[in-house]
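The values are calculated or read from the model by the stated rules, or taken from the named source; none is laboratory data. Since the model is a prediction, treat every value here as computed from it, not as a measurement. Backbone-built Cβ (ideal geometry, glycine too); neighbour counts: all protein chains shown.
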Protein chains: 2
Amino acid sequence: MAEGHGSASGGENLLFLTDEQLRKGIEAMFFAYRGFTADPDRILEDHAYGRAHHRALHFINRTHGTTVNNLLALLGVTKQSLNRVLRSLIEDGLVESRVGRTDRRERNLYLTPKGEALERALSEAQRERMRAAYRAAGPQAVAGFRQVLEAMMDDDIRRQYLGLRDRRP
Amino acid sequence: MAEGHGSASGGENLLFLTDEQLRKGIEAMFFAYRGFTADPDRILEDHAYGRAHHRALHFINRTHGTTVNNLLALLGVTKQSLNRVLRSLIEDGLVESRVGRTDRRERNLYLTPKGEALERALSEAQRERMRAAYRAAGPQAVAGFRQVLEAMMDDDIRRQYLGLRDRRP
DNA sequence: TTGGAATGTCAACAAGGCTGACTTAAAATG
DNA sequence: CATTTTAAGTCAGCCTTGTTGACATTCCAA
């Protein structure tokens, strides 16, 4: 019932964990996620792609030369599901799949210039919203935001998340 | 590239808004949302329901007697899509639909005891994860978390979010 | 050389979004 | 009172994205 979580005070008070407070957090996640995906979704419509394509582009860009298995673990879907998305991206010339150098069973995935262009457009739209939210909330809030999100992940996912680094070729 | 956002210092430093920082925020949203939905999803499987049912149950519980139109605005889906979900919940005896008192075109939606039971199981699982994340991150982080999420919502959605209150009958 | 791992493919299915068209009932409006 | 608008529900059909299961291919490694 009582609001007032917002004060940066509160110290070690644990009474703020009322069901109502938790409920608001749950709803905030739900509504914010809608905003979070809204801008890229609009761009994707024009290309007849969906969120699954966006996610693939994002992580291929993030870790150049990643393998399919690696991508599967990040995305948390079946290979059949990813394969469908990946195939269309390869056919359309946004992603290149190269046979692995050391292990030739593997395929290393790269964005083509065309793929990079779409990825950039998508991530710029998404970053712009994130940037605006960060600015509105301030640096302290951003730190807290990240801390809570990290704590909400499954353990194995958190490890993957923390391990992600830009790997430029 | 450089990490180090995590310090609660940082003050008014705006350099933390590097693309890499924003990217990490984007990925945190993606991975955290997976964790956020994981526990209810497991429960829903046993009942042959999906996330759409969970969302409907949540908001009907939240605003007892809400109308279909109201629910549509909250969920952001088409009435055909909601109707499919709603029909199964009504058929299964989890939701009751009563003709409106003042405006008889409207239907007021309520959870039955059975519906309340499932809603409680789902939301307790989700609240438990939220509670654990809040505890791990601390009160200051929670305030920041909520601030950033609110800032990320579309304006009209934020208004609805802020307006949500428990309406017990 | 054979077993197993990585990848890819085909088929079938389900959930849950969407659009469009249409009905019914009731309220609002002229 | 007649007309229009609104709320809700329904039917049909489509798309994306997830799922299983079965199976083929390639090729590293024991």
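Does A:D41 satisfy being within 15 Å of DNA strand C (Cβ to nearest atom) and under 17 Å from the mean Cα position of the chain (by Cα)? Here the answer is yes, as A:D41 does meet what is asked.
Checking each residue in segment B:50-75 for being without any contact (Cβ under 8 Å) to a residue 40 or more places away in the chain and within 11 Å of DNA strand C (Cβ to nearest atom) picks out B:G50, B:R51, B:A52, B:H53, B:R55, B:A56, B:L72, B:L75. Please state which one of A:L122, A:L118, A:L86 is touching a residue at least 24 places away in the same chain (Cβ under 8 Å), within 10 Å of DNA strand C (Cβ to nearest atom) and crowded, with 21+ Cβ neighbours inside 10 Å. Criteria check complete, one pass: A:L86.
Here the condition is being touching a Pro at 6+ places or on another chain (Cβ under 8 Å) and closer than 22 Å to B:I26 by Cα; of A:G65, A:G76, it holds for A:G65 alone.
Scanning segment A:136-169 for residues that are more than 7 Å from chain B (Cβ to nearest Cβ), of a type outside the set (G, A, S) and closer than 10 Å to B:V148 by Cβ yields a count of 0.
In segment A:7-32, which residues are surrounded by 15 or more Cβ atoms within 10 Å (Cβ to Cβ) and either at pLDDT below 90 or not in a helix (DSSP H, G or I) (or both)? Across segment A:7-32, the qualifying residues are A:G10, A:F16, A:L17.
Residues in segment A:55-72 that are within 11 Å of DNA strand D (Cβ to nearest atom) and facing chain B (nearest Cβ under 10 Å): A:R55 only. Restricting attention to segment B:73-83, the residues being away from chain A (no Cβ under 14 Å) and either surrounded by fewer than 16 Cβ atoms within 10 Å (Cβ to Cβ) or more than 11 Å from DNA strand D (Cβ to nearest atom) (or both) number 5.
Among the residues of segment B:155-164, is any of a type in the set (V, I, T), part of a helix (DSSP H, G or I) and closer than 16 Å to B:F59 by Cβ? There is at least one residue in segment B:155-164 that is of a type in the set (V, I, T), part of a helix (DSSP H, G or I) and closer than 16 Å to B:F59 by Cβ.
Can you confirm whether segment B:99-111 contains a residue that is part of a helix (DSSP H, G or I) and under 18 Å from the mean Cα position of the chain (by Cα)? No, there is no match, as no residue in segment B:99-111 is part of a helix (DSSP H, G or I) and under 18 Å from the mean Cα position of the chain (by Cα).
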